[in-house]
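Right, one structure below, let's go through it.
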Amino acid sequence: MNITFYGHACFLIELGNAKLLIDPFISGNELAKHINIDDIDCTHILLTHAHQDHVLDAEAIAKRTGATIVSNFEIANYYQAKGCSVHPMAHGGCVNFDFGTIKMVNAIHTSSFADGTYGGNPAGFVIWNSDECIYHAGDTALTMDMKLIPMQCPKLSAAILPVGDNFTMGYKDAAVAADFIDCDEIIACHYDTFGDIIACDQAAATTVFNKAQKTISFMEIGETKSI
Ligand code: NI
Ligand code: MN
């Protein structure tokens, strides 16, 4: 599995023949100015919730690539009305695609589009095939529901967790989340994007994770890692 970080909460997960782009917010991200959204190829676009810092480039990329948008019912309807191909699902649901399985799981947050349109309930995704399994938590607080993931899904190869605090959990809660989901390989997201408000002390976060005998990665924007 290859994982490419495109800044904020946006990752491209390459799993078998599938290229799953999660939460594309690139053209509006000052830190991702070197990424051209027209260079990104994907087969599916997964949206955790409707906030602008997760969906900004979804429509443009979906229309150029023909990728299927996978999200909650309300977000799927919103993009279907714009002419995009969609697959709606809801929390607790598992869908078997040709490349593997996606399960939509709980997140504690909110979800509305920039124009005020209702965006359903926020979610995370667990994605797997016979070899690998990854969790993208979306924007969320630490929640006991995370304990369900190791009970219901294959062993996680890695997990993407928000660490920037203020709008989501911070790194201390993320270290507890790593324990709840039984995953030692954590990739940080949702930090540093908007100046100080979600700034993350990476050295302090690394210390907390190391004490818990877990690894946290802060990827460079544009970097790809193989797991
Ligand atoms: Ni959000
Ligand atoms: Mn966000």
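The values are calculated or read from the model by the stated rules, or taken from the named source; none is laboratory data. A quick note: this is a predicted structure, and the numbers were derived from the prediction, not measured. Here Cβ is always computed from backbone atoms with ideal geometry, including for glycine, and neighbour counts include all displayed protein chains. SASA here: full protein model, heavy atoms, side chains in, ligands and nucleic acids out. Shrake-Rupley method; radii C 1.70, N 1.55, O 1.52, S 1.80 Å.
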Next item on the list: Take residue 21 and decide whether it is assigned to a strand (DSSP E or B) and within 19 Å of residue 122 (Cα to Cα).
Entry: yes
Next item on the list: List every residue pair whose Cβ atoms sit under 7 Å apart, with the two residues 6 or more apart in sequence or on different chains, where the first one lies in the range 35-52 and is open to solvent by 10 Å² or more (accessible area, probe 1.4 Å) and the second, anywhere, is part of a helix (DSSP H, G or I) and of a type in the set (A, V, I, L, M).
Entry: 37/60; 37/61
Next item on the list: Kindly indicate whether residue 92 is open to solvent by less than 60 Å² (accessible area, probe 1.4 Å), within 16 Å of ligand 2 (Cβ to nearest atom) and in a loop (DSSP other than H, G, I, E, B).
Entry: no
Checklist line | Residue match in the range 53-75 (condition: surrounded by 23 or more Cβ atoms within 10 Å (Cβ to Cβ) and in contact (Cβ under 8 Å) with a residue 60 or more places away in the chain) | finding: yes
Item checked: Residue, farthest from residue 191 (Cα to Cα), within the range 8-34, restricted to residues that are more than 15 Å from ligand 2 (Cβ to nearest atom) and in contact with a strand residue (DSSP E or B) (Cβ under 8 Å, 6 or more places away or on another chain) -> 18
Notebook entry, point to check: Looking at (1) within 16 Å of ligand 2 (Cβ to nearest atom); (2) aromatic (Phe, Trp, Tyr); (3) in contact with a Leu (Cβ under 7 Å, 6 or more places away or on another chain), which is the only condition residue 5 fails?
Noted result: (3)
Next item on the list: Name every residue in the range 46-67 that is away from ligand 2 (no atom under 16 Å from the Cβ) and out of contact with any Phe, Trp or Tyr (no Cβ under 9 Å at 6 or more places or on another chain), in order of residue number.
Entry: 60, 61, 63, 64, 65, 66, 67
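Here is a yes/no grid of residues against (1) more than 16 Å from ligand 1 (Cβ to nearest atom); (2) within 24 Å of residue 70 (Cα to Cα); (3) in contact with a Phe, Trp or Tyr (Cβ under 8 Å, 6 or more places away or on another chain); (4) in contact (Cβ under 8 Å) with a residue 60 or more places away in the chain:
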residue: 112; (1), (2), (3), (4): no, yes, yes, yes
residue: 135; (1), (2), (3), (4): yes, yes, yes, no
residue: 142; (1), (2), (3), (4): no, yes, yes, no
residue: 148; (1), (2), (3), (4): yes, yes, no, no
residue: 159; (1), (2), (3), (4): yes, yes, yes, no
residue: 182; (1), (2), (3), (4): yes, no, no, no
Next item on the list: Please name all residue pairs, on different chains or six or more residues apart, with Cβ atoms under 7 Å, provided the first residue is in the range 195-210 and is within 17 Å of residue 185 (Cβ to Cβ) and the second residue is open to solvent by 30 Å² or more (accessible area, probe 1.4 Å) and aromatic (Phe, Trp, Tyr).
Entry: 202/218; 205/171; 208/171
Checklist line | Among the candidates 48, 43, 68, 4, residue that is within 16 Å of ligand 1 (Cβ to nearest atom) and under 21 Å from residue 100 (Cβ atoms) | finding: 48
Next item on the list: Could you list, in sequence order, all residues of the range 13-32 that are more than 15 Å from residue 57 (Cα to Cα) and either within 16 Å of ligand 1 (Cβ to nearest atom) or open to solvent by less than 10 Å² (accessible area, probe 1.4 Å) (or both)?
Entry: 13, 15, 18
Note to self: Would you confirm, using the coordinates I've provided, whether residue 37 is away from ligand 2 (no atom under 16 Å from the Cβ) and farther than 24 Å from residue 108 by Cα?
What the structure shows: yes
